[in-house]
Structures are given as structure tokens and as C-alpha cells.
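What follows is a set of notes on a single structure, which appears directly below.
The values are calculated or read from the model by the stated rules, or taken from the named source; none is laboratory data. Worth saying up front: this structure is predicted, and the values here are computed from it rather than measured. Quick reminder, even Gly has a Cβ in these numbers, built from the backbone with ideal geometry, and neighbours come from all protein chains shown. With ligands, DNA and RNA removed, areas are computed over all heavy atoms of the protein, side chains included. Shrake-Rupley method; radii C 1.70, N 1.55, O 1.52, S 1.80 Å.
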Amino acid sequence: MDANSHPHLGLPMVYLVDDEDVVRDALGWLLRTRRLLSEGFSSAEAFEAMLNARIGPPGTGGTASWPVAPSCLLLDVRMPGTSGLVLFERLIERGLLSLMPVIFLTGHGDVPTAVAAVKRGAFDFVEKPFSDNALVDRVEQALQASTDALLRRRDETSVRRRLADLTDRERDVMQLVIDGLANKLIADQLNISVRTVEVHRARVFEKMDVKSAVELANLLRGI
């Protein structure tokens, strides 16, 4: 199994956005030497058109379901039309950076700009002409970061589905359990019997697939 693949995710994909055909071709060949798939785009506009076709225009919530496989983007800073930096800002607005880390390809004069982009959340920048091995090493690390983010998204989606299956009363009991209240105090606060609290508590633990209040609190942290 490839180092960046995962049994529950699709094959990793590297997206290449550069206006020079020769650069995209060279990058595609380089990635194939590491058995990595790639898809090239000659402009930021072409890449955005792909995004709109797959997940809809910005603001439509499509990022919840894409990408489904580990992904990263090799992005040229300077291009005719929409620049790489403008595309990068639009990816931030879509909330895609963790799922699809961005590595900027820069000329010497663009290094300060690329450094600023890294501070904004870009994964890295690579100066042209670049070391083939160093670039692909960073691509593989970006794909691993994408894999981690996709697995977190999958886990969070699973937790939200389990939460949606709780009744209103089970949610009430769950919150008080997380707050550390004993069954007797929960019963007093909700004006129900201790036995009813015990039943709801057991159902919450079963539906949320946890064994303790601590495990439940940890599961919900960050959701």
C-alpha cells in the first residue's frame, strides 16, 4: 500500500496549476516516478471551474464532501489572469486548505510573498529551479496531512450522525453527564427519577459508542 493511501480513502491526487505546459508535464512525470497521480490545469480559472463543477460555487457548502481522497495543490504564484495568490485566498474562503494543502512554486522574486502565504496557511513553498526529490518529499508530506484531515472529517461526521440520533431528553442528560453531575443531581435538575436518568445515560453511551463520561467528553471535544 502506498505511504499516502488509506484503505477507507481514494487514491492520492496532486493538482498542478501552472500556465507553462512544460512545467506541468515535467511535474507530472516527476510525480509518476513516485507512483503519484496528478491532474494539470493551465490557469487558476481552469482549476476553479473544476472546483465549481465538483463542489459548487463558493458558499454552497460543497466542501463538506470533497475531496474524498488525499490531495494537495502545487500552485504557481505568478500566472496570467487570476494569480496563484488570489486562488489561494479563495481556497481559504472555501475552507479547503487542511483537506488540500497548498505548496507554492515560486521564482526568486516571489519568495517574500510565498513566505507570507505560508503564514496564512500554505503548506510550503518551493523555489524554481527546485530539487526534484525535495519537492516530491514535501508533496508526500502534504498528502499525509490531507489524509489526516480527511480522517478527522470522517470521524467528526460520524459523531454528528450519532448526536443526531439522540432524543432531546438524551441530549439533556448527556450534557449534565459531561458537566460531571451524578445521577441523583441530574434527576433533581431534570425533575425525573434516578432510574430514568440511568436508562437515558445508558442509551447515550450506547448510541455514542463510549464507555465513560470522560470518553464521551473527549469524543465531543472540538465538534
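So that you can scan it fast, the table gives a plain yes or no per residue for (1) open to solvent by less than 60 Å² (accessible area, probe 1.4 Å); (2) touching a His at 6+ places or on another chain (Cβ under 6 Å); (3) not basic (Lys, Arg):
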site: GLU140; (1), (2), (3): yes, no, yes
site: ASP148; (1), (2), (3): no, no, yes
site: SER158; (1), (2), (3): yes, no, yes
site: LEU166; (1), (2), (3): yes, no, yes
site: ARG195; (1), (2), (3): no, no, no
site: PHE205; (1), (2), (3): yes, no, yes
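Only one residue in ALA202, ALA145 is part of a helix (DSSP H, G or I) and closer than 30 Å to SER83 by Cβ. Which one? Can you show your working first?
On the way: ALA202 fails: closer than 30 Å to SER83 by Cβ.
When all the criteria are applied, what remains is ALA145.
Count, please, the residues in region 22-36 that happen to be of a type in the set (A, V, I, L, M, F, W, C) and exposed (fewer than 14 other Cβ atoms within 10 Å of the Cβ).
Of the residues in region 22-36, 2 are of a type in the set (A, V, I, L, M, F, W, C) and exposed (fewer than 14 other Cβ atoms within 10 Å of the Cβ).
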Report summary line: Of (1) touching a residue at least 40 places away in the same chain (Cβ under 8 Å); (2) within 21 Å of the chain's Cα centre (by Cα), LYS119 satisfies every one except (1)
Requested in this report: Specify the residue that is farthest from HIS8 (Cα to Cα); the eligible residues are those in region 173-187 that are touching a residue at least 24 places away in the same chain (Cβ under 8 Å) and open to solvent by 40 Å² or more (accessible area, probe 1.4 Å).
Outcome: GLY180
Query raised in the report: Within region 127-138, how many residues turn out to be without any contact (Cβ under 8 Å) to a residue 24 or more places away in the chain and surrounded by 17 or more Cβ atoms within 10 Å (Cβ to Cβ)?
Result: 0
Query - Which numbered condition ARG162 fails, given (1) modelled with pLDDT of 90 or more; (2) surrounded by fewer than 14 Cβ atoms within 10 Å (Cβ to Cβ); (3) among the basic types (Lys, Arg) - result: (2)
Query raised in the report: Here are VAL77, VAL102: which of them is touching an Asp or Glu at 6+ places or on another chain (Cβ under 9 Å), modelled with pLDDT of 95 or more, among the aliphatic types (A, V, I, L, M) and buried (at least 20 other Cβ atoms within 10 Å of the Cβ)?
Result: VAL102
Report summary line: In the set ASP19, ASP25, the lone residue that is assigned to a loop (DSSP other than H, G, I, E, B), farther than 14 Å from VAL139 by Cβ, at pLDDT 85 or above and of a type outside the set (A, V, I, L, M) is ASP19
Requested in this report: Count, please, the residues in region 88-108 that happen to be in contact with a Lys or Arg (Cβ under 9 Å, 6 or more places away or on another chain) and either more than 28 Å from PRO57 (Cα to Cα) or of a type in the set (Phe, Trp, Tyr) (or both).
Outcome: 3
Query - Filtered residue count, region 54-63, keeping only those that are modelled with pLDDT under 80 and closer than 11 Å to LEU96 by Cβ - result: 3
